[in-house]
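Participant: Before I ask anything, let me first share the structure, which is written out below as structure tokens.
The values are calculated or read from the model by the stated rules, or taken from the named source; none is laboratory data. All of these numbers come straight from a predicted model, not from anything done at the bench. As a convention, Cβ positions derive from the backbone with ideal geometry for all residues, glycine included, and neighbour counts pool all protein chains shown. Heavy atoms of the whole protein, side chains included, go into the accessibility calculation; ligands, DNA and RNA do not. Shrake-Rupley method; radii C 1.70, N 1.55, O 1.52, S 1.80 Å.
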Amino acid sequence: MTTEMLKLEVEEGVATLTLANPDKNRLNRSVLDGLRAALPRIRQDDVRAVLMKGEGPVFSFGADVKELFVDTSRQDLSRLLVEYLDFIGAVEALPKPTIAAVHGVCSSGGLELALAFDHLWAAAGTKIGFMETTLAIPPLAGGVQRIAARAGSARAMEIASAGRMYDAEAFERWNIVNRVVPAESLHGEAEAFALKLAAGPTRAFAAVKSLLRAYERAAVLETDKITVATVMPLMDSNDAVAAVTALMSAGPKRGPVTFTGA
């Protein structure tokens, strides 16, 4: 599936979403519609990992200010923000691993998009941040709380209110970005990692995500209460049975096990 400003390709179990707005991959109605339209496809079982990236020199400058903040009524803007937050929540809830690979600039609404993904990789030297307070507004689509979930409230307060861009290397130190890689190899390395995830034990990855979401809602002790119910069904999954059988028959030096995601 390809829309005017969003491309979707599925190959070898990886769904790759690519922002393709020539205007610095700004988020406008067309991009937002494309993202929502992609959800049914990336939810399908043959997709076992999702990769988000941007075409051109930057990942995204964030919202198209003129289209969304000037030319759109406040009622329509509220609806668009709810839809965007719903998309972000849907990506976070996917029972499969996801990765965003950002480069050049990852700003404001574009950063909120990237934060929806399990793994956030950045090219060395990428500028990342929230610029909303320079317009006398806060981040609009969940960025504050998602930075806080990764780096704590104090760091979220600083980043969300600073109205400036930071180096990707700082975000890596603060545990917001998982990995900084050389700019020239970002997309190649991210694609290889996505393929590795897609070939992995999908149900085990889904269980890890489920436990993390529970922890974010209710902390450690409450998550402990659902841990056994979450992990026990996986003990008899096809992937687990194959892996344990291989270990028992060949020992620690066994070759790689082919996971089917079942």
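Participant: Nearest 5 percent is fine: what portion of the DSSP beta bridges confined to the stretch 1-143 is antiparallel?
Facilitator: Antiparallel bridges make up about 30 percent of those DSSP assigns within the stretch 1-143.
Participant: Of all DSSP beta bridges in the chain, what percent run antiparallel (nearest 5)?
Facilitator: So the antiparallel bridges amount to about 35 percent of the total.
Participant: Still on this model: With a 1.4 Å probe and all protein chains kept in place, how much accessible area does residue 4 have, in Å² rounded to the nearest 10?
Facilitator: Answer for residue 4: close to 140 Å² accessible.
Participant: Where the accessible area of the chain is counted over protein heavy atoms with a 1.4 Å probe, how much of it, in %, is carbon and sulfur?
Facilitator: That share works out to 58 percent.
Participant: Ranked from the most accessible area to the least, with a 1.4 Å probe and all protein chains present, what is the order of 5, 248?
Facilitator: Per-residue accessible area, sorted high to low, gives 248, 5.
Participant: Sort 30-36, 58-64 by packing, meaning the average of other beta carbons within 10 Å per residue, with the highest value first.
Facilitator: Result, highest mean first: 58-64, 30-36.
Participant: Take the alpha carbon atoms of the stretch 16-62, find their center, do the same for the stretch 194-246, and report the distance between the two centers in whole angstrom.
Facilitator: 27 Å
Participant: Okay, moving on. Determine, for each peptide in 166-172, 85-91, 117-123, the mean count of other beta carbons within 10 angstrom over its residues, then list the peptides with the highest first.
Facilitator: 117-123, 166-172, 85-91
Participant: Continuing with the same structure: Please calculate the 1.4 Å probe accessible area of residue 18, with all protein chains present, and give it to the nearest 10 Å².
Facilitator: Accessible area, nearest 10 Å²: 10 Å².
Participant: Another question, if that's okay. What order do you get for 124-134, 205-215, 94-104, 67-77 when each peptide is scored by the mean count of other beta carbon atoms within 10 Å, highest first?
Facilitator: 94-104, 124-134, 205-215, 67-77
Participant: Rg over Rh of the chain, using C-alpha atoms and the Kirkwood radius, what does it come to?
Facilitator: On the Cα set of the chain, Rg over Rh gives 0.99.
Participant: Then there's this: In Å², what does the accessible area per residue of the stretch 222-262 work out to with a 1.4 Å probe?
Facilitator: So the stretch 222-262 comes to 72 Å² accessible per residue, rounded to a whole number.
Participant: Which value results for Rg/Rh of the stretch 88-214 when Rg is the Cα radius of gyration and Rh the Kirkwood radius based on the inverse mean 1/r?
Facilitator: Using only Cα positions, Rg/Rh for the stretch 88-214 is 0.97.
Participant: Leaving out same-chain residues fewer than 8 places away, which lysines sit with a Cα under 20 Å from that of residue 53?
Facilitator: Reachable lysines: 7, 24, 96, 127, 196.
Participant: Just to make sure I understand: if all protein chains stay in place, what is the order of 196, 53 by accessible area at 1.4 Å, largest first?
Facilitator: Of 196, 53, the descending order of accessible area is 196, 53.
Participant: For the stretch 87-210, calculate the relative contact order in percent as a whole number, restricting contacts to Cα pairs under 8 Å that are 6 or more residues apart.
Facilitator: 31 percent
Participant: Still on this structure, please answer the following. Under 5 Å between amide hydrogens, which residues at least 5 positions from residue 102 or on another chain qualify, with H placed 1.01 Å from N in the peptide plane?
Facilitator: Here the answer is 121, 122, 123, since their amide H atoms fall under 5 Å of that of residue 102.
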